[in-house]
Amino acid sequence: MISKLLARKKSTLLAAAIASTLCMGNAYAEVDEIHFLIPGGAGGGWDGTARGVGEALTKSGLIESASYENLSGGGGGKAIASLIEKADQSHDTLMVNSTPIVIRSLTKVFPQSFRDLTPVAAVIGDYGAFVVPKDSKYQTFKDVVADFQEDPRSVAIAGGSARGSMDHLVAAMAFKAAGGDARKLKYVAYDAGGKAMAGILSGDAQVLSTGFSEAIALAEAGEVRILAITGDTRSVTAPEVPTLQELGYDASFVNWRGFFGAPGLPDAEADEYAAALEKMYATEEWATVRDRNGWTEIFVPRKDFVSFLEAQEVSVGNLMRELGFLR
């Protein structure tokens, strides 16, 4: 799985990144400003990541200013197409994206892939989480599994994206690990996490499959409980929430989030962005943003990021074929 791949590469990649930065010295000019292109609406995981990174970079003084543009549509394809079309005028732009750029490229939701952009760096990881309304009959994820095993159609899983997307994939992975037939999963697709949340509150679905950082915000509002997360270990942000592995299910998943430049972005400029993002890790401002959102640090820069994406494309593609999402 993706988290295991990250575990194998993390120490090597971090060492390489540090060495690369030391070699750079002052060879590159400092980044002054960044325009963050966000392929989804306000309040989602991409939006929170871009604005959180922008907050840390500006408040720490690593850059002078940050601006943000939400351009949703086409499962993220509209923003990708715009960045490609305006490449010559977009050297100050970083587009946030995550695992869905791999999934949606595989499923042909849009024709482009990460190869059509300039990968800069993966920055954070966000586990998947399973959420229920605070008054739900389900007290543990094992309760959900028991109902699913008795009658898979009795448990509706809501997600803020289409069938075959990451929310669906993570849920299918979890129930498969629990011994169920993942192809029988009743997945209810909503157009955004907020609508999926409304779906479980209204009773149209019983469980929400979402990102851990979004689940934390919902739990802090007092409307939901988090039953389990897909990390290898518990999160310090919500230490009371067990992992699937603790519950006896051999499944883990982490959704990386990172940044891409326009196609044709010069290596020197891409290196400047990667260096600024790495320096951000050492700041108190970043620690505040990171802990507030329950993010895991995953720094995978430039060429290593390309190799990482290629490996994820293979591993995710194999899982999707196994679950029947791809032929």
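A few points about this structure:
- None of S213, S209 is part of a helix (DSSP H, G or I), in contact (Cβ under 8 Å) with a residue 60 or more places away in the chain and touching an Asp or Glu at 6+ places or on another chain (Cβ under 9 Å) except S213.
- Entry remark, region 189-206: residues being in contact (Cβ under 8 Å) with a residue 12 or more places away in the chain and open to solvent by 40 Å² or more (accessible area, probe 1.4 Å) number 9 in total.
- Selection of region 285-298 for residues being assigned to a strand (DSSP E or B) and either open to solvent by less than 10 Å² (accessible area, probe 1.4 Å) or charged (D, E, K, R) (or both) yields only E297.
- Qualifying residue in region 254-262 (condition: out of contact with any Lys or Arg (no Cβ under 7 Å at 6 or more places or on another chain) and open to solvent by 20 Å² or more (accessible area, probe 1.4 Å)): no
- Hits in region 36-58 - residues which are β-branched (V, I, T), open to solvent by less than 40 Å² (accessible area, probe 1.4 Å) and either in a loop (DSSP other than H, G, I, E, B) or over 15 Å from T210 (Cβ atoms) (or both): I38, V53
- Selected residue [modelled with pLDDT of 90 or more, in contact with a Leu (Cβ under 7 Å, 6 or more places away or on another chain), farther than 20 Å from G45 by Cα and not basic (K, R)] from A262, A270, A274: A262
- Taking the criterion of being acidic (D, E) and either under 20 Å from the mean Cα position of the chain (by Cα) or at positive phi (or both), the only residue of region 117-141 that qualifies is D126.
- Lone qualifier among D143, D126, D151, D167 - being out of contact with any Pro (no Cβ under 8 Å at 6 or more places or on another chain), more than 23 Å from L326 (Cα to Cα), among the charged types (D, E, K, R) and buried (at least 17 other Cβ atoms within 10 Å of the Cβ): D126
- Filtered by the rule that a residue be more than 23 Å from P119 (Cβ to Cβ) and free of Cβ contacts under 8 Å to residues at least 40 places away in the same chain, region 249-291 gives a lone residue, A287.
- Selection from region 101-122 of residues that are within 22 Å of A270 (Cα to Cα) and open to solvent by 10 Å² or more (accessible area, probe 1.4 Å): Q112, S113, R115, D116, L117, T118, P119
- Hits in region 62-94 - residues which are outside any helix (DSSP H, G or I) and closer than 17 Å to T118 by Cβ: K86, S90, H91, D92, T93, L94
- Members of region 262-284 found to be not in a loop (DSSP other than H, G, I, E, B) and not aliphatic (A, V, I, L, M), listed by number: D267, E269, D271, E272, Y273, E278, K279, E284
- All of (1) surrounded by fewer than 22 Cβ atoms within 10 Å (Cβ to Cβ); (2) at pLDDT 90 or above; (3) touching a Phe, Trp or Tyr at 6+ places or on another chain (Cβ under 7 Å) hold for N97 with one exception: (1).
- Counted residues, region 299-309 - those being touching a strand residue (DSSP E or B) at 6+ places or on another chain (Cβ under 8 Å) and either open to solvent by 30 Å² or more (accessible area, probe 1.4 Å) or over 30 Å from R115 (Cα atoms) (or both): 2
- Any hit, region 104-115, residues being β-branched (V, I, T), in contact with a helix residue (DSSP H, G or I) (Cβ under 9 Å, 6 or more places away or on another chain) and at pLDDT 95 or above: no
- Boolean, A238 is in a loop (DSSP other than H, G, I, E, B) and either within 23 Å of R257 (Cα to Cα) or open to solvent by less than 10 Å² (accessible area, probe 1.4 Å) (or both): yes
The values are calculated or read from the model by the stated rules, or taken from the named source; none is laboratory data. Computed from a predicted model, the values in this text were never measured in an experiment. Note that each Cβ is placed from the backbone with ideal geometry, even for glycine, and that neighbours are counted across all protein chains shown. Each accessible area value is taken on the protein alone, full model and side chains, heavy atoms only, with ligands, DNA and RNA left out. Shrake-Rupley method; radii C 1.70, N 1.55, O 1.52, S 1.80 Å.
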